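Student: Sending over a structure as structure tokens; questions will come in a sec.
No lab work stands behind these numbers, since they all come straight from the coordinates. These numbers were taken from a predicted model, which means no experiment stands behind them. Note that each Cβ is placed from the backbone with ideal geometry, even for glycine, and that neighbours are counted across all protein chains shown.
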Amino acid sequence: MKSVIIIGSGISGLTCAIRCAEYGVRVLLVSPHPSERSQSVMAAGGINGVLPNGEEGDSVASHILLWLN
Ligand SMILES: Cc1cc2nc3c(=O)[nH]c(=O)nc-3n(C[C@H](O)[C@H](O)[C@H](O)COP(=O)(O)OP(=O)(O)OC[C@H]3O[C@@H](n4cnc5c(N)ncnc54)[C@H](O)[C@@H]3O)c2cc1C
């Protein structure tokens with residue numbers, strides 16, 4: 001069985017851990033603080049992200065443009 005070490009238990013680390021587990025990969029999650037203290041918990045407006053099969057026109061570039069304007 002393969003093993004990975006993931007640093008950080010915010011949304012990135014936890015998502016990666018879940019995906020790894022789905023593929024049967026053993027996970028060691030390392031974080032100096034509990035998930036409840038990560039920035040991910042402060043995202044009161046909901047987390048924005050680009051999905052591989054998301055809406056037409058949705059892209060990393062469009063998110064950056066929104067942020068710049
Ligand atoms: C107040 C606030 C409001 C926000 N609102 C929104 C919003 O409405 N919508 C949105 O999309 N985004 C929002 N964001 C941004 C969003 O929260 C972050 O982009 C997102 O949570 C990042 O997730 P992450 O897992 O990469 O990082 P984090 O959630 O920050 O997790 C990082 C993890 O790494 C760990 N870590 C940190 N340093 C080290 C180290 N040196 N060694 C080991 N581990 C370490 C931390 O303990 C934590 O577990 C907001 C951010 C803040 C601060």
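Student: Taking the simple approach of a point 7 Å from Cα along Cα-to-Cβ for both Ile64 and Met42, what is their distance in nm?
Tutor: Label-label distance for Ile64 and Met42, simple model: 2.4 nm.
Student: Sort 22-32, 52-62 for me by packing, meaning the mean count of neighbouring Cβ atoms within 10 Å per residue, highest on top.
Tutor: 22-32, 52-62
Student: Treat the chain as a sphere of radius equal to its Kirkwood radius over Cα pairs and apply Stokes-Einstein at 4 °C in a medium of 1.567 mPa s; give the translational diffusion coefficient in µm²/s, rounded to a whole number. Working shown, then result.
Tutor: Working: Rh = 14.1 Å.
Rounded, D is 92 µm²/s.
Student: Determine the relative contact order of the chain: mean sequence separation of Cα pairs under 8 Å and six or more apart, normalised by residue count, in whole percent.
Tutor: Working: 56 pairs, mean separation 20.2, N = 69.
Across the chain, relative contact order equals 29 percent.
Student: Which value in deg cm²/dmol, rounded to the nearest 500, describes the helix-derived mean residue ellipticity at 222 nm for the chain, given -39,500 (n - 2.57) per DSSP H run of n ≥ 4 and division by the residue count?
Tutor: Rounded to the nearest 500, it is -9000 deg cm²/dmol.
Student: With the dipole of the chain worked out from charges on the C-beta (+1 for Lys and Arg, -1 for Asp and Glu) around the Cα centre, which of Asn69, Thr15, Pro32 lies farthest toward the positive end?
Tutor: Comparing the listed Cα positions along the dipole, Pro32 ranks first.
Student: Along segment 28-41, what does the Karplus equation 6.51 cos²θ - 1.76 cosθ + 1.60 (θ = phi - 60°) give for ³J(HN,Hα), rounded to whole Hz, x for Gly and Pro?
Tutor: Those phi angles translate into 10, 9, 10, 8, x, 10, x, 3, 4, 9, 7, 4, 4, 6 Hz.
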